[in-house]
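Participant: Below is the structure I would like to discuss, written out as structure tokens.
The values are calculated or read from the model by the stated rules, or taken from the named source; none is laboratory data. Everything numeric here is computed off the predicted structure, so don't read it as measured data. Quick reminder, even Gly has a Cβ in these numbers, built from the backbone with ideal geometry, and neighbours come from all protein chains shown.
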Amino acid sequence: MIYLVVKNGFQVVRSFVESNHHALYVTDYSGENEHLPDSHGPWAPTSMRKSLMRVELWDAAQPRGKSIKAGDILGFRNLRVRINTWGQVESKMKEDKISNLSGGENFTALLA
């Protein structure tokens, strides 16, 4: 069983559109996680490659992706997280239950 404990939210490292959904790569700065896939690409800092979680936005959550950018701090309610057949975390949001926490005390606390 995997428990994700995030006090102040996830920081967005990458936000982009795929063919039929929006995808985010986020981190909570808790360090490497053996269940997270190794993220590659020029956008992924080398030191964070095993601490980035992919979140796919589907259905009612998909339109929200247009307003999310790298650096935003997000809170997710009802984020669906599971381990796939390769033993890696995958997650998705189907409902628009995403809060942008950037700019408030949550942002300061996360980066402190």
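Let's see how each residue does on (1) under 17 Å from Asn78 (Cβ atoms); (2) more than 13 Å from the chain's Cα centre (by Cα); (3) of a type in the set (Gly, Ala, Ser):
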{"position": "Gln11", "(1), (2), (3)": "no, no, no"}
{"position": "Glu18", "(1), (2), (3)": "no, yes, no"}
{"position": "Tyr25", "(1), (2), (3)": "no, no, no"}
{"position": "Tyr29", "(1), (2), (3)": "no, no, no"}
{"position": "His40", "(1), (2), (3)": "no, yes, no"}
{"position": "Trp43", "(1), (2), (3)": "no, yes, no"}
{"position": "Met53", "(1), (2), (3)": "yes, no, no"}
{"position": "Leu57", "(1), (2), (3)": "yes, no, no"}
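Participant: Out of the stretch 67-110, which residues are modelled with pLDDT under 90, acidic (Asp, Glu) and within 23 Å of Pro37 (Cβ to Cβ)?
Facilitator: Glu90, the sole residue that qualifies.
Participant: Restricting to the stretch 38-55, count the residues that are among the polar types (S, T, N, Q) and either assigned to a loop (DSSP other than H, G, I, E, B) or touching a Lys or Arg at 6+ places or on another chain (Cβ under 7 Å) (or both). Give the derivation first.
Facilitator: Taking the stretch 38-55 as the starting set, the residues that turn out to be among the polar types (S, T, N, Q) are 39, 46-47, 51.
Next cut, either assigned to a loop (DSSP other than H, G, I, E, B) or touching a Lys or Arg at 6+ places or on another chain (Cβ under 7 Å) (or both) only: 39, 51.
Residues meeting the conditions: 2.
Participant: Further question: Given the condition touching a Leu at 6+ places or on another chain (Cβ under 6 Å) and at positive phi, answer yes or no: does some residue in the stretch 74-90 qualify?
Facilitator: Among the residues of the stretch 74-90, not one is touching a Leu at 6+ places or on another chain (Cβ under 6 Å) and at positive phi, which makes the answer no.
Participant: Something else: Exactly one condition in (1) surrounded by 19 or more Cβ atoms within 10 Å (Cβ to Cβ); (2) free of Cβ contacts under 8 Å to residues at least 40 places away in the same chain; (3) closer than 15 Å to Ile98 by Cα is not met by Ser39; state its number.
Facilitator: (3)
Participant: Collect the residues in the stretch 69-89 that are surrounded by 20 or more Cβ atoms within 10 Å (Cβ to Cβ) and not in a strand (DSSP E or B), keeping them in residue-number order.
Facilitator: Matches in the stretch 69-89: Asp72, Leu79.
Participant: Sticking with this one: Please work out which residue is nearest to Asn20 (Cα to Cα), limiting yourself to the stretch 44-66 and to residues that are polar (S, T, N, Q) and at pLDDT below 95.
Facilitator: Out of the qualifying residues, it is Ser51.
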